[in-house]
Amino acid sequence: MKVVTPIVCMAIGAVFGAVTVLSCSDNSPGKADAATCNCEPPIAGRLVTIDGNPTTLQPGEQSGAGAACPTGAQFLTGACMPVDPQTLKDIQVQQFKWDPTSFGWGCGFKNNSTTTAVQVKATVLCLKPPT
């Protein structure tokens, strides 16, 4: 059973890759490369990461942080993190959620330190529309 799962995943990935490459081919082997056809621009140039404003949490304090995609961009995923990775041990992410009204990401944090203030933030990854 454990061998079947990777094989199925590889097969699905191969089919997805073939469909993606050939999706702009117009049934012509000479135009099978999506970079040479007249379709949407590559996704890599359209990805944008937005960091929300940092929130400072005093020792023992709970608070939230958020970030949103620019107008017209599609939300892909979000993250909740400390501004300084060295303070990761001091924070607890208590909740996180996607907000469909703002195309944003919200995070709820708690500072577990009894002596140190920490800064936290929310980050979103968005796909800009083609230009």
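Answer yes if at least one residue in the stretch 80-88 is hydrophobic (A, V, I, L, M, F, W, C) and either within 11 Å of VAL124 (Cα to Cα) or in a strand (DSSP E or B) (or both), and no otherwise.
Applying the first criterion (hydrophobic (A, V, I, L, M, F, W, C)) to the stretch 80-88 yields 80-81, 83, 88.
Retained after the next criterion (residues that are either within 11 Å of VAL124 (Cα to Cα) or in a strand (DSSP E or B) (or both)): 80-81.
Yes, some residue in the stretch 80-88 is hydrophobic (A, V, I, L, M, F, W, C) and either within 11 Å of VAL124 (Cα to Cα) or in a strand (DSSP E or B) (or both).
Out of curiosity, is VAL118 β-branched (Val, Ile, Thr) and in contact with a Lys or Arg (Cβ under 6 Å, 6 or more places away or on another chain)? Write out each step before concluding.
Working: β-branched (Val, Ile, Thr): yes; in contact with a Lys or Arg (Cβ under 6 Å, 6 or more places away or on another chain): no.
No: the conditions fail for VAL118.
So, in the stretch 42-62, how many residues would count as being more than 11 Å from ALA117 (Cα to Cα) and in contact with a Gly (Cβ under 8 Å, 6 or more places away or on another chain)?
First, pick out the residues of the stretch 42-62 that are more than 11 Å from ALA117 (Cα to Cα): 42-54, 62.
With the extra rule that they be in contact with a Gly (Cβ under 8 Å, 6 or more places away or on another chain), the set shrinks to 52, 62.
Residues in the stretch 42-62 being more than 11 Å from ALA117 (Cα to Cα) and in contact with a Gly (Cβ under 8 Å, 6 or more places away or on another chain): 2 in total.
Scan the stretch 89-101 for residues that are outside any strand (DSSP E or B) and surrounded by 14 or more Cβ atoms within 10 Å (Cβ to Cβ) and jot them down. Spell out how you get there, then give the answer.
Filtering the stretch 89-101 for residues outside any strand (DSSP E or B) gives 89-90, 100-101.
ASP90, the sole residue that qualifies.
Can you name every residue in the stretch 63-79 that is outside any strand (DSSP E or B), touching a Pro at 6+ places or on another chain (Cβ under 9 Å) and surrounded by 12 or more Cβ atoms within 10 Å (Cβ to Cβ)? Show your work before the answer.
In the first step, residues of the stretch 63-79 are kept if they are outside any strand (DSSP E or B); the result is 69-73.
Now drop any that are not touching a Pro at 6+ places or on another chain (Cβ under 9 Å), which leaves 72-73.
ALA73, the sole residue that qualifies.
What pairs can you find where one residue is in the stretch 107-130 and among the acidic types (Asp, Glu), the other is in a strand (DSSP E or B) and at pLDDT below 95, and their Cβ atoms are less than 9 Å apart, with a gap of 6+ or different chains?
Short answer, once both residue conditions are applied: none.
If I filter the stretch 102-131 down to residues being of a type in the set (Ser, Thr, Tyr) and under 20 Å from GLY45 (Cα atoms), which single residue comes out as surrounded by the most Cβ atoms within 10 Å (Cβ to Cβ)? Lay out the reasoning, then the answer.
So the first thing to find is which residues in the stretch 102-131 are of a type in the set (Ser, Thr, Tyr), and the list is 102, 113-116, 123, 131.
Okay, now just the ones that are also under 20 Å from GLY45 (Cα atoms), so 123, 131.
Details: THR123: 17, THR131: 6.
My answer is THR123.
What are the residues in the stretch 102-112 that are at pLDDT below 95 and not in a strand (DSSP E or B), if any?
Result: SER102, PHE103.
The values are calculated or read from the model by the stated rules, or taken from the named source; none is laboratory data. Being a predicted model, the structure only gives us computed values, none of them experimental. Note that we place each Cβ from the backbone using ideal geometry, even for glycine, and neighbour counts take in every protein chain shown.
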